[in-house]
Amino acid sequence: MGILRLGFVSAYLSQPLLDGFAMGASVTILTSQLRHLLGVQVPRHQGPGLVISTWLSLLRGAGQANLCDLLTSAVCLTVLLAAKELSDRCRHRLKVPLPAELLVIVVATLASHFGRFHQRFGSSVAGDIPTGFVAPRVPDLGLMWRVAPDAVSLALVGSAFSISLAEMFARSHGYSVRANQELLAVGCCNVLPAFFHCFATSAALAKSLVKTATGCRTQVSSVVSAAVVLLVLLALAPLFRDLQRSVLACIIVVSLRGALRKVRDVPRLWRLSPADALVWVATAATCVLLSTEAGLLAGVLLSLLSLAGRTQRPRAALLARVADSSFYEDTAEFEGLVPEPGVQVFRFAGPLYYANKDFFLQSLYRLTGLDAGRAASRG
């Protein structure tokens, strides 16, 4: 997709679509972490309706919540949220971000290890983490044709996820994204790992939000993260054997707070543009009720329909001069404008093409009182 320069598709990922997708995906991630926060054993649901099925399972198993995991989650959430609020308020005074997540992991691991939370209270912990790498091996070329249909759909969804998340964070931090470069990067990240039995690589909202929340700004943070992961895989993995899963879930949940706060923008967005608000709500609702893939697809389709509707019936208005200046404004929006004697200025705020030619003529005749067809026939 990067070689074929298909990154232009990202132009149709509007801001309401990205915000609604971030909100819906955040609710999905939050739902997936609730079982760790509560220490409840529920079946792992997949496919459409994942969020609803998981919530129903959580409600049925709420009485079996692990008290130790529940208390740990409450303490960690309180500490992390307080640290985030303090970091936001004192951002200009702090030279480096507060390493709240690292401190919570260290303290929680020590407390779980010496308190023997797993043995005494049945708390869910990370457990044994294997170290080392799998020996590289050339992928089986005979499987290519069998997995090709799934690979195409996976590539489409993964690329859309990556570009949409890149656009979302780019708008938050004030930089631009080259969509084709993103596609090339994701493609290259899937070539070498294919020889090491790795999962398909794509952007991940939860991990990206965690990195943003911890103050990461450049790609150097990825080098540091990769070095730490490498160190853990080779040597430090056994040290995290007693780390509670609820602690990791708390870190992910706290990192979602920025995306979840976007729901407060819906009333303002509705006042500015009901069509954009509809795209936001439909994208978020589809992500929650069906799946994140369906939500992204629904958002793109609604954005395209909204774009077609706006170009098919754009705003048409008569303009008049502003006092003695050379500026012209809409007579329906401003008072005190001076019309040109014997001249009517008509503005059509959209491209003129076959789908809106009739609306153009109707608007022109209605606002100016001129019917060129009748005038020509009488002449």
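Taken together, the residues in the range 37-58 that are open to solvent by less than 40 Å² (accessible area, probe 1.4 Å) and within 23 Å of residue 74 (Cα to Cα) amount to 8. Could you list, ordered by first residue, the pairs with Cβ atoms under 7 Å in which the first is in the range 91-110 and under 16 Å from residue 211 (Cβ atoms) and the second is modelled with pLDDT under 70 and not small (Gly, Ala, Ser), at least 6 apart or interchain? Correct list of pairs: 97/214; 101/214. Scanning the range 1-33 for residues that are in contact (Cβ under 8 Å) with a residue 40 or more places away in the chain and under 21 Å from residue 73 (Cα atoms), we see that the one that is surrounded by the fewest Cβ atoms within 10 Å (Cβ to Cβ) is 30.
Of the residues that sit in the range 183-229 and are touching a residue at least 60 places away in the same chain (Cβ under 8 Å) and open to solvent by 60 Å² or more (accessible area, probe 1.4 Å), which one is nearest to residue 1 (Cα to Cα)? Per the criteria, the residue is 184. Quick check, is residue 72 in a helix (DSSP H, G or I), at pLDDT 90 or above and surrounded by 21 or more Cβ atoms within 10 Å (Cβ to Cβ)? Yes; evaluated as a whole, the condition is true for this residue.
What do you reckon, is residue 178 within 16 Å of residue 19 (Cβ to Cβ), out of contact with any helix residue (DSSP H, G or I) (no Cβ under 6 Å at 6 or more places or on another chain) and among the basic types (Lys, Arg)?
Values: within 16 Å of residue 19 (Cβ to Cβ): no; out of contact with any helix residue (DSSP H, G or I) (no Cβ under 6 Å at 6 or more places or on another chain): yes; among the basic types (Lys, Arg): yes.
Here the answer is no, as residue 178 does not meet what is asked.
Of the strands (runs of 3 or more DSSP E) lying entirely inside the range 280-379, those containing at least 1 residues that are among the hydrophobic types (A, V, I, L, M, F, W, C) and more than 30 Å from residue 45 (Cα to Cα) are 316-321, 345-348. Checking each residue in the range 274-302 for being of a type in the set (Ser, Thr, Tyr) and either modelled with pLDDT under 85 or open to solvent by 40 Å² or more (accessible area, probe 1.4 Å) (or both) picks out 291, 292.
Taking every residue in the range 40-59 that is within 13 Å of residue 29 (Cα to Cα) and pairing it with any residue that is open to solvent by less than 80 Å² (accessible area, probe 1.4 Å) and not in a helix (DSSP H, G or I), at least 6 positions away or on another chain, the pairs with Cβ-Cβ distances below 8 Å are 50/291; 54/42; 54/45. Checking each residue in the range 300-332 for being within 21 Å of residue 359 (Cα to Cα) and among the acidic types (Asp, Glu) picks out only 330.
The values are calculated or read from the model by the stated rules, or taken from the named source; none is laboratory data. As the structure is a computational prediction, the values presented were derived from the model and not from experiment. Neighbour counts are summed over all protein chains in view; Cβ atoms, including those assigned to glycine, are modelled from backbone coordinates with ideal geometry. Note: areas computed on protein heavy atoms with side chains; ligands, DNA, RNA excluded. Shrake-Rupley method; radii C 1.70, N 1.55, O 1.52, S 1.80 Å.
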